[in-house]
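J.: Structure below; questions to follow.
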Amino acid sequence: MPLVTSISQLNEPITLVSYTMGNVNGVPVNNVRKEHFTTWALVLSQYLSEVKASVGTKLEDTVTFVVRYDQPETILNSWRIEWQEKQYDIVKLTPDTAKKQWTTIIGKPVANK
């Protein structure tokens with residue numbers, strides 16, 4: 001069964017951002033936020049069995065986002081996703097290179113510092 005059966009399922013706006021070196025008033029500064037683009041996504045929930053299976057693994061507490069394959073920029077693993085006022089590190093990025101329809105992104109919430 002396909003991940004997305006109708007475009008209307010892409011109903012959550014997400015923003016892809018990165019943090020790089022930059023200049024503020026001529027002074028080099030680390031962690032300058034750069035917004036790449038905002039797109040619509042299908043946000044998949046995990047079933048209880050998936051939550052249990054991921055405990056103690058890299059995929060614990062992750063969220064899966066599905067977006068269209070064709071985006072304004074190529075999505076990079078080093079970027080972050082902003083969704084519902086939270087940020088997610090990209091854990092796994094799986095573009096559909098065969099059909100070029102969807103890209104699946106697994107994100108993990110960024111720990112508060």
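The values are calculated or read from the model by the stated rules, or taken from the named source; none is laboratory data. As the structure is a prediction and not an experimental result, all values here were calculated from the model. Surface accessibility is based on the protein's heavy atoms, side chains included, excluding ligands, DNA and RNA. Shrake-Rupley method; radii C 1.70, N 1.55, O 1.52, S 1.80 Å.
J.: For residues that are among the hydrophobic types (A, V, I, L, M, F, W, C) and under 16 Å from residue 4 (Cα atoms), scanning just segment 67-99, find the one that is least open to solvent (accessible area, probe 1.4 Å). Lay out the reasoning, then the answer.
T.: In the first step, residues of segment 67-99 are kept if they are among the hydrophobic types (A, V, I, L, M, F, W, C); the result is 67, 75-76, 79, 81, 83, 90-91, 93, 98.
Checking the rest, the ones that are also under 16 Å from residue 4 (Cα atoms) come to 67, 98.
Working: 67: 0, 98: 93 Å².
Applying the filter and picking the extreme gives 67.
J.: Consider segment 74-113. How many of its residues are of a type in the set (A, V, I, L, M, F, W, C) and not in a strand (DSSP E or B)?
T.: Here is the first cut: in segment 74-113, the residues of a type in the set (A, V, I, L, M, F, W, C) are 75-76, 79, 81, 83, 90-91, 93, 98, 102, 105-106, 110-111.
Of the ones still in play, those that are also not in a strand (DSSP E or B) are 75-76, 79, 98, 110-111.
Matching residues across segment 74-113 total 6.
Condition check ((1) at pLDDT 95 or above; (2) in a loop (DSSP other than H, G, I, E, B); (3) within 16 Å of the chain's Cα centre (by Cα)) across all residues:
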site: 2; (1), (2), (3): no, yes, no
site: 18; (1), (2), (3): yes, no, yes
site: 29; (1), (2), (3): no, no, no
site: 37; (1), (2), (3): yes, no, yes
site: 46; (1), (2), (3): no, yes, yes
site: 53; (1), (2), (3): no, no, no
site: 60; (1), (2), (3): no, yes, yes
site: 66; (1), (2), (3): yes, no, yes
site: 72; (1), (2), (3): yes, yes, yes
